[in-house]
Amino acid sequence: MLLRMMNYQTYKENKVKVVIWSKNGCTYCEKAKALLKAKDIAFEERNINKGWTKEQLLAAVPNARTVPQIFFDEELVGGFDDLTKKLAV
Ligand SMILES: N[C@@H](CCC(=O)N[C@@H](CS)C(=O)NCC(=O)O)C(=O)O
């Protein structure tokens, strides 16, 4: 529990680089971004319809079948459901 709280604080202080791969019209991407914003965690969005490509997403996450795909530094957290679990305190 203490460790989880310390990690959460670290995300908030933006010592962790959070990247969210997304696409247009993706409800779960919007939910994930809203959750990060609600928790004051800064993130970089990589939208495969805007500035980024599906090929780049698949280079980062070869098995990706859905978006969002969310990274905390080099760690692939997963999708929105996984993000919810990771941020649960
Ligand atoms: N359980 C996943 C659900 C993600 C999901 O279903 N994403 C939709 C878009 S919002 C998707 O990528 N569907 C497949 C597709 O559009 O090709 C999560 O929590 O991230």
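Which ones in segment 55-76 are more than 15 Å from C29 (Cα to Cα) and either part of a helix (DSSP H, G or I) or not aliphatic (A, V, I, L, M) (or both)?
The answer is E55, Q56, L58, A59, A60, P62, N63, F72, D73, E74, E75.
One residue is enough: does segment 34-53 have a residue meeting the conditions touching a Pro at 6+ places or on another chain (Cβ under 8 Å) and among the hydroxyl-bearing types (S, T, Y)?
First pass over segment 34-53, keeping only residues touching a Pro at 6+ places or on another chain (Cβ under 8 Å): none.
No.
Yes/no per residue for (1) within 15 Å of the ligand (Cβ to nearest atom); (2) among the hydroxyl-bearing types (S, T, Y); (3) closer than 17 Å to Y11 by Cα:
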site: R65; (1), (2), (3): yes, no, no
site: E74; (1), (2), (3): no, no, yes
site: F80; (1), (2), (3): yes, no, yes
site: A88; (1), (2), (3): yes, no, yes
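Keeping to segment 11-30, report how many residues are surrounded by fewer than 16 Cβ atoms within 10 Å (Cβ to Cβ), closer than 16 Å to F71 by Cα and near the ligand (Cβ under 9 Å from one of its atoms).
Here the count works out to 2.
A short reminder: the numbers here are calculations on the coordinates, not readings from a lab. Since we're looking at a predicted model, the values are computed, not measured. As a convention, Cβ positions derive from the backbone with ideal geometry for all residues, glycine included, and neighbour counts pool all protein chains shown.
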